[in-house]
Amino acid sequence: MQGSEGHGRRGAWGVIAVVLLIGVHLVRGGAGEWPADGPPRPATAAAAGRAADAAATADPLPASPPVRVRVPSVRIDAPVTRVGLDAEGWIEAPAPYDRNLAGWFTGAVTPGERGTAVVVGHVDVPAGRAVFYDLGALAPGKRVEIARTDGRTAVFTVYGIEVVPKDDFPAARVYGATGAPELRLITCGGRYSPDGGYESNVVVSARLTEVR
């Protein structure tokens, strides 16, 4: 793991710039052996629904690393560890021995800050389905709750879910700042092959709408 609670704005955006240039493959392909249709995939309407004005935005929060992610509608409730970039410039995934573990990318802002926070997780691991297996079943309007070390919970409302090819990943759009506190949840998806892993990523886009 990389990063620290006191990462500076210049350092954070410097790492994001690296990701925008070379970090397009994100979470490496999983190892599960599932039916040909694979994990849940976003509905066509959900994939198209990326309107940024889907909900009123709450005021941004100061920096505070996340400790847990909850998505009640798809039964995700997992601790969050810290991940950075691997030697090839991809965002690291959490350790595969823990099926229920998500990773906050320390090169971006913390969830709730102004900017785009990134949380990743495996869709599957050698032992079976993993933390973000059901991520593609999310729908616009559903909540993502991020518990932070400062005791606050940042509540995000989903406005977009899509499957994007790893070979043509729209990094600038996915990671780019919109001027509001936003969140991206990312895992593998699409078709799976034993030789190449998953061919795509599932990307969930959400905006901060409540603080508890």
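Among the residues making up the range 92-119, those that are assigned to a strand (DSSP E or B) and touching a Phe, Trp or Tyr at 6+ places or on another chain (Cβ under 8 Å) are ALA102, THR116, ALA117, VAL118, VAL119. Across the range 129-149, not a single residue is classified as farther than 26 Å from THR178 by Cα, touching a Phe, Trp or Tyr at 6+ places or on another chain (Cβ under 6 Å) and surrounded by 24 or more Cβ atoms within 10 Å (Cβ to Cβ). Of the residues making up the range 54-92, those that are under 17 Å from GLY112 (Cα atoms), exposed (fewer than 14 other Cβ atoms within 10 Å of the Cβ) and either at pLDDT below 70 or of a type in the set (Gly, Ala, Ser) (or both) number 1. Among the strands (runs of 3 or more DSSP E) confined to the range 120-212, the ones with at least 2 residues that are of a type outside the set (Lys, Arg) and at pLDDT below 90 are located at 153-165, 181-193, 197-211.
Of the residues screened, ARG82 is not one that is under 24 Å from GLU210 (Cβ atoms) and of a type in the set (Lys, Arg). Only one entry of VAL155, VAL125, VAL164, VAL118 meets the criterion of being surrounded by 18 or more Cβ atoms within 10 Å (Cβ to Cβ), within 12 Å of the chain's Cα centre (by Cα) and closer than 29 Å to TYR97 by Cα, and that entry is VAL118.
The values are calculated or read from the model by the stated rules, or taken from the named source; none is laboratory data. Fair warning: this is a prediction, and the values are worked out from it, not measured in the lab. No Cβ is skipped: glycine too gets one built from the backbone with ideal geometry, and neighbour counts run over all protein chains shown.
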